[in-house]
Amino acid sequence: MNAISIANKVKSGEIKATDIINDYLDRIKEKDKKINAFLEVFADSALKKAEEIDLKVAQKKPVGTLAGVPVAIKDNMLYKNHRMTCASKILENYISPYSATAVEKLLEEDAVIIGRTNMDEFAMGSSTENSAFKNTKNPLNEKHVPGGSSGGSAAAVAATMALISLGSDTGGSIRQPAAFCGVYGLKPTYGSVSRYGLAAFASSLDQIGCFTNNPEDMKLAFSVISGHDKKDSTSSILQQTEKKFDIKAIKIGIPKEPFMEGLEPKIKEEFLLTIQKLKNLGASMLDISLPNTQYALPTYYIIASGEASSNLGRYDGTRYGLNSKKADSLINFYKLSRGEGFGPEVKRRIMLGTYSLSAGYYDDYYIKAQKIRTLIKNDFKKAFTEIDIILTPTTPTTAFKFGDKLKNPISMYLSDIFTIPASLAGVCAVSAPCKNKTEAGLSVGMQFTSNHFNETSLFSILGLLSD
Amino acid sequence: MSDLQTVIGLEIHLQLKTKTKMFCACAQTSQEAKANSSICPVCTSQPGALPVINKKAVELGSKAALAINCTIAPYSIFARKNYFYPDLPKSYQISQFEKPLAQRGHIKIKTPDGEKLISITRAHLEEDAGKSLHSIGSKNLEHTLIDLNRAGIPLLEIVSEPDINSPEEAYTYLTELKKTMKWIEVSNCDMEKGELRCDVNISLKPKEAVELGKKVEIKNLNSFKAVKDSIVYEIARQTNIIKNGETVLSDTRLWNDKEEKTYSMRSKETANDYRYFPEPDLIALKLSDEYSSEIKNSLGELPHRKKARFIKQYALNDYDANLLTANKNLSSYFENCVELGGEPKISANLIATELMGRLNANKLEIKDSPIIPQYIAELAQLLKSEKISATISKQVLDKIWEKPTSPKELIEASEMSQVSDENQIREWAKEALDKNPKAIEDFKSGNEKAIGPIMGMIMKKSKGKANPKITSSIIKELIQG
């Protein structure tokens with residue numbers, strides 16, 4: 001069952017929200033011992049919310065569009081009076097004093113927040129192995145990583161421990177784990193979902209999105225969480241582009257860049273198969289070029305790390321979070337608290353970012369990266385004057401094994417090579433699972449990228465492909 | 001050795017009078033408010049909290065910048081200034097760096113050599129930090145306490161060019177700036193409350209040299225006097241160093257009010273690298289030409305313009321014109337008097353000496369004056385038409401201060417009007433002269449002042465009602481026969 005039909009049945013009184021939630025809680029209890037998708041299950045507040053919904057239905061009061069739908073949230077979104085850790089020791093005991101706008105919107109539509117999911121610490125990573133607490137396993141093959149940084153949210157939906165989950169995507173953190181776990185993952189247009197209440201990694205790139213098992217639920221979830229928010233100055237007042245969708249009028253661009261070479265054979269096979277399917281549906285395929293995307297990876301790491309080095313300054317142990325008891329001076333208090341609280345990848349990025357913002361290096365790194373970012377944006381702008389959607393694989397490889405890339409940060413960073421350009425350009429992109437699995441049972445994801453505020457056309461094309 | 005020239009630039013921080021903070025909806029509270037009683041997720045920097053620009057702060061900042069003749073940038077951006085300190089919750093201050101709100105202004109000041117323009121480099125918006133409490137009274141605390149009520153309060157930083165060359169010029173510049181800012185009601189400018197803060201950048205160089213000397217920054221200045229005194233001290237200190245053939249160290253120094261000395265806090269060479277970069281949580285501030293001109297129009301007549309007009313239009317002297325443009329209420333009180341028929345110079349005099357004296361003695365503001373402009377206008381008319389003497393006018397003021405009444409009615413009712421009847425005055429004068437033969441001798445031998453005591457006696461006899469002009473001429477007439 002998908003989210004829409006569950007919500008409809010709850011609304012009509014055909015099934016009870018409490019039954020659904022109990023069902024999901026049982027399933028989590030059974031499955032998550034192995035998968036470890038959740039850092040915490042909010043059983044009490046979830047059941048309380050479900051009872052409220054059932055009461056409303058019984059009293060014939062209106063209920064929301066997500067009535068009784070179990071939703072998991074990534075552990076970097078605030079849910080009032082619930083713990084939020086960013087999978088970091090520094091926030092191990094942090095209780096949210098308010099709720100994120102996206103969470104509030106879910107609750108307003110009577111979704112049930114069922115728990116918070118594992119992730120790479122502060123969303124930095126591509127395998128969820130950077131969590132300070134535990135490793136999440138890929139439900140398709142437990143020897144493999146679920147991807148990251150929203151690995152827990154992807155695994156929760158893949159193992160049907162939630163119908164919808166929220167993730168955050170800064171350079172691919174929704175799309176890459178979606179591809180690895182065989183689910184749908186949406187990174188919306190920058191500015192379409194409020195970032196208020198999302199613990200920031202890189203402010204100019206972070207975007208909340210969702211995981212689902214089908215395009216319809218994705219469309220519904222997106223319609224709930226998106227929209228202008230006065231509390232987020234970068235949230236846009238622009239609406240979805242209204243355009244009648246006709247696949248025969250759709251032009252799909254295939255980038256002819258060097259990084260398209262060297263794909264894993266199975267991914268190449270599925271990629272060609274998808275092109276064929278789209279042709280069969282009547283779409284026209286065009287070769288395009290996004291010449292500056294070859295610099296996307298270093299550009300991304302300079303901008304994202306620079307912003308992160310500043311955003312994570314607030315975790316200083318003074319007002320909340322881990323603070324060292326051993327310090328004998330203010331400077332040591334900072335050094336010890338942050339030294340004990342942050343994991344190695346977070347430290348690496350803070351140092352990288354601090355360096356690139358420093359006097360004498362700022363122009364050569366940060367400013368230069370911003371200039372290249374503009375060039376990349378222009379590449380997309382130009383491409384979208386000729387085509388409607390860009391098709392690439394989501395990742396160059398399928399899910400790798402635990403420990404495979406942990407020792408080599410660069411090889412880990414390369415797993416986001418296809419997803420980072422859209423993040424830098426701020427456009428919307430989605431990863432959709434292909435039907436055929438690898439011999440290891442792993443999934444392949446295809447990435448569809450469209451122009452700003454054009455998510456609707458992505459949902460339409462995914463709908464056609466999934467039929 | 002050639003003469004040394006002092007070169008000073010001032011950095012002013014003005015606390016803007018908004019209801020709420022710069023980037024959140026928390027109220028601005030007074031210093032007396034309970035610690036941490038006006039805080040929220042944004043100003044305590046909880047994870048996920050985001051800043052939203054306070055439009056009123058932009059308006060007040062623009063107003064201030066335009067009042068000191070700056071140009072408002074059509075496009076300005078906020079930037080993060082990164083440093084760690086416990087009273088800085090985000091570990092960065094949101095400020096403006098490369099593209100400030102406003103640039104290129106000036107303030108005109110009066111110097112002994114005439115008028116001088118002090119150029120303003122820039123004016124930019126930023127948020128205040130919180131307050132660290134290390135001790136209570138003389139008792140040192142075991143832990144530092146942090147109060148975040150002040151964190152996020154909007155500030156406007158106004159940076160001058162190094163155009164100031166003496167402690168007096170710095171003082172005048174500050175006075176002029178404060179007067180203007182209070183006038184347009186963008187800040188209360190109370191230095192003791194930290195609503196106006198001033199850092200001094202000072203260096204000395206040989207008069208003919210083009211290149212500036214080593215810059216020293218002075219902080220912790222709690223009054224205009226401290227600014228002046230610290231500059232005097234620094235000039236002496238630096239002159240001494242240079243005269244001894246040594247070089248001044250570029251450092252940041254703290255002014256110690258009690259010892260009247262500056263002490264080095266840190267060397268400029270070891271200064272923080274603030275790693276400024278554009279604030280990605282905020283979009284650029286775009287202000288149209290229409291917005292600028294609308295605010296410019298709302299400024300009205302600024303004090304220095306008003307003062308010039310008072311001198312020209314009402315023939316006031318510089319002192320009175322300056323005094324009457326000290327604040328908006330006072331100047332409109334004065335102009336009300338004139339509109340109600342009070343002769344300008346007489347009204348100005350009545351306000352400047354008589355009314356202000358009484359207000360100051362009672363610690364009252366002009367807006368709380370029991371004497372309304374109508375009464376001053378009437379008094380001025382009575383004086384002008386010589387119906388009453390200056391002495392009587394003082395008595396009238398005393399009476400109406402206690403019990404607000406129309407002076408005209410009071411005079412009519414109490415027969416306090418001036419006596420101009422020559423026969424009556426002659427009678428009083430004869431009586432007085434009879435009792436003072438010595439005064440007659442003195443006057444005759446050339447001492448004009450000798451008629452003073454005679455005048456005094458007549459005034460006493462007439463209860464101050466004798467017309468002084470007529471009285472004086474009658475006395476002279478009687479003496480000279």
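Coordinate-derived values only; no laboratory data. Treat the numbers as computed from the prediction; the structure is a model and nothing was measured. Quick reminder, even Gly has a Cβ in these numbers, built from the backbone with ideal geometry, and neighbours come from all protein chains shown.
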Handout entry: Calculated P(r) of the range B:1-58 - Cα pairs past 19 Å, %
Key = 50 percent
Handout entry: Equivalent-ellipsoid semi-axes of the protein assembly as shown, from the Cα gyration tensor, Å, largest first
Key = 75, 31, 25
Completion exercise
The FRET efficiency for A:Leu286 and A:Asp26, from their Cβ-Cβ distance with R0 = 60 Å and rounded to 0.05, is 0.75
Practice task
Using R₀ = 60 Å, calculate the FRET efficiency as 1/(1 + (r/R₀)^6) where r is the Cβ-Cβ separation of A:Glu51 and B:Glu211; round to 0.05.
Solution key: 0.20
Handout entry: B:Val419 long-range amide H proximity, modeled H, under 5 Å
Key = B:Ala466, B:Asn467
Problem - Distance (nanometres) between label positions extended 7 Å along Cα→Cβ at A:Gln239 and B:Asn362 - result: 6.3 nm
Exercise for the section: Have a look at the range B:20-103 and give its Rg and Dmax from the Cα atoms, expressed in angstrom. Expected result: 14.5, 40
Handout entry: Whole-number D in µm² s⁻¹ for the range B:213-304, Kirkwood Cα-pair radius fed into Stokes-Einstein, 37 °C, 0.692 mPa s
Key = 190 µm²/s
Fill in the blank from the handout: As a Kirkwood estimate from alpha-carbon pairs, the range A:1-45 has a hydrodynamic radius in angstrom of 11.7 Å
Exercise for the section: Compute the projected area of the convex hull of the Cα atoms of the range B:422-480, averaged over all viewing directions, and report it in nm² to one decimal place. Expected result: 3.3 nm²
Practice task
Would you compute, from DSSP H runs of 4+ residues alone, the mean residue ellipticity of chain A at 222 nm, taking -39500 (n - 2.57) per run and dividing by the full residue count, rounded to the nearest 500?
Solution key: -12000 deg cm²/dmol
Problem - Spherically averaged projected area in nm², based on the convex hull that wraps the Cα atoms of the range B:157-293 - result: 11.8 nm²
Practice task
Sort largest first and round to whole Å: the equivalent ellipsoid semi-axes of the range A:1-112, each the square root of five times a Cα gyration tensor eigenvalue.
Solution key: 26, 17, 11
Handout entry: Binned Cα-Cα distance frequencies in the range B:301-414 - 5 Å width, integer %
Key = 2, 13, 25, 25, 19, 11, 5, 1, 0
Practice task
Using label points projected 7 Å from each Cα along Cα→Cβ, tell me how many nm separate B:Ser293 and B:Thr175, to one decimal.
Solution key: 3.7 nm
Handout entry: Stokes-Einstein D in µm²/s, Kirkwood radius over Cα pairs - the range A:3-225 at 10 °C with 1.306 mPa s viscosity
Key = 95 µm²/s
Practice task
Over all alpha-carbon pairs of the range B:4-291, lay out the pair-distance distribution in 5 Å bins, whole %, shortest bin first.
Solution key: 1, 5, 11, 15, 18, 17, 15, 10, 6, 3, 1, 0
Fill in the blank from the handout: Kirkwood Rh for chain B from C-alpha pairs, in Å, is 26.8 Å
Exercise for the section: With a Förster radius of 45 Å, plug the Cβ-Cβ distance of B:Lys312 and B:Asp273 into 1/(1 + (r/R0)^6) and report the FRET value to the nearest 0.05. Expected result: 0.25
